[in-house]
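Peer 1: Have a look at this one.
The values are calculated or read from the model by the stated rules, or taken from the named source; none is laboratory data. Source: prediction; values computed, not measured. Virtual Cβ from ideal backbone geometry, glycine too; neighbours counted across all protein chains shown. Only protein heavy atoms, including side chains, enter the accessible area calculation; ligands, DNA and RNA are left aside. Shrake-Rupley method; radii C 1.70, N 1.55, O 1.52, S 1.80 Å.
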Amino acid sequence: MTTEATPGEPGELRPTGRPNARLRQSVTDMVRSLALVLGAVVVIMLITWRPSPDPVRVVDPTPVLIGARIEAGYPVLYPDALSPEWRPTSARWEITEASMPAPAWHLGFVTPADTYAQIGQSATDNQSYVTSQIGNTEPADAWQGWQRYVGPDQRALLRVDDGVTVIVSGTAEWPDLEFLATRLSPTALPTVS
């Protein structure tokens, strides 16, 4: 409904009873424009949307473990009878800058508590290998033949047997690291699930 001036008092607006066609047109145009913009946003989202993959990529460490056991002159350790909640995420047998000239065995896990734990093992006498494995930690106490190291965001257990350094470390809590250390075996193999 519009208002316009009619004869009578000067400046007084009175309704004429006629609907304003332009008002209805501008609301319709606004609704159409909004629908177009929303449609474009939906199309862009459909084109660019990708499902989130599982952030934990599980690997099969068996081939690397077998290769390491063939090449190493010492027993390469693997944890025996771990539950499926221990998810292996990395396995390497290679000469690293820190382990040079000897190769190093590395095995990483996501623990049942969704923290990280790793096993490092090498016959190197290069001191930088230990530093690379224990990170920014300080010696603490001893535990069942292992030396504990504690840092602000990492813990480590270190043991040297017949010139072979074994380190169990990570962001995992002590019970998980200790459990992993007690399960280490020279004959254990990963279970296929």
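Peer 1: Can you give me the ranges of the strands (runs of 3 or more DSSP E) entirely in the stretch 117-170 with at least 3 residues that are touching a residue at least 24 places away in the same chain (Cβ under 8 Å)? Full working, then the answer.
Peer 2: Numbers: elements: 138-143, 146-150, 155-161, 164-170.
By residue number, 164-170.
Peer 1: Let me spell it out: the conditions are (1) assigned to a loop (DSSP other than H, G, I, E, B); (2) surrounded by 19 or more Cβ atoms within 10 Å (Cβ to Cβ), and Tyr74 meets all of them except one. Which number is the exception?
Peer 2: Single failed check for Tyr74: (2).
Peer 1: In addition: Ser33 is checked against (1) assigned to a loop (DSSP other than H, G, I, E, B); (2) over 30 Å from Gly163 (Cα atoms); (3) open to solvent by 60 Å² or more (accessible area, probe 1.4 Å) and fails just one. What number does that condition carry?
Peer 2: All conditions are met except number (1).
Peer 1: Just the residues that are within 20 Å of the chain's Cα centre (by Cα) and either open to solvent by less than 20 Å² (accessible area, probe 1.4 Å) or farther than 14 Å from Gln133 by Cβ (or both), please, taken from the stretch 157-179.
Peer 2: Val168, Ser169, Gly170, Ala172, Glu173, Asp176, Leu177
Peer 1: Additional query: Out of Glu94, Glu4, Glu9, I need the residue that is open to solvent by 70 Å² or more (accessible area, probe 1.4 Å) and modelled with pLDDT of 80 or more. Which one?
Peer 2: The unique qualifying residue is Glu94.
Peer 1: Continuing with the same structure: If I filter the stretch 39-54 for residues that are closer than 20 Å to Ala172 by Cα, open to solvent by less than 100 Å² (accessible area, probe 1.4 Å) and not in a helix (DSSP H, G or I), do I get at least one hit?
Peer 2: For the stretch 39-54, residues closer than 20 Å to Ala172 by Cα, open to solvent by less than 100 Å² (accessible area, probe 1.4 Å) and not in a helix (DSSP H, G or I): absent.
Peer 1: Still on this structure, please answer the following. Hey, can you tell me all the residues within the stretch 91-116 that are part of a loop (DSSP other than H, G, I, E, B) and under 16 Å from Glu173 (Cβ atoms)? Outline the logic, then answer.
Peer 2: Restricting attention to the stretch 91-116, the residues satisfying the condition of being part of a loop (DSSP other than H, G, I, E, B) are 96-102, 111-115.
Matches in the stretch 91-116: Thr111, Pro112, Ala113, Asp114, Thr115.
Each row is one residue, and each column tells you yes or no for (1) at pLDDT 85 or above; (2) surrounded by fewer than 10 Cβ atoms within 10 Å (Cβ to Cβ); (3) in contact with a Cys (Cβ under 7 Å, 6 or more places away or on another chain); (4) in a loop (DSSP other than H, G, I, E, B).
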{"residue": "Gly17", "(1), (2), (3), (4)": "no, yes, no, yes"}
{"residue": "Ile66", "(1), (2), (3), (4)": "yes, no, no, no"}
{"residue": "Ala81", "(1), (2), (3), (4)": "yes, yes, no, yes"}
{"residue": "Glu85", "(1), (2), (3), (4)": "yes, no, no, yes"}
{"residue": "Thr89", "(1), (2), (3), (4)": "yes, no, no, no"}
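Peer 1: Another question, if that's okay. For residues that are open to solvent by 10 Å² or more (accessible area, probe 1.4 Å) and of a type in the set (S, T, N, Q), scanning just the stretch 104-123, find the one that is farthest from Asp80 (Cα to Cα).
Peer 2: By that ranking, first place goes to Thr115.
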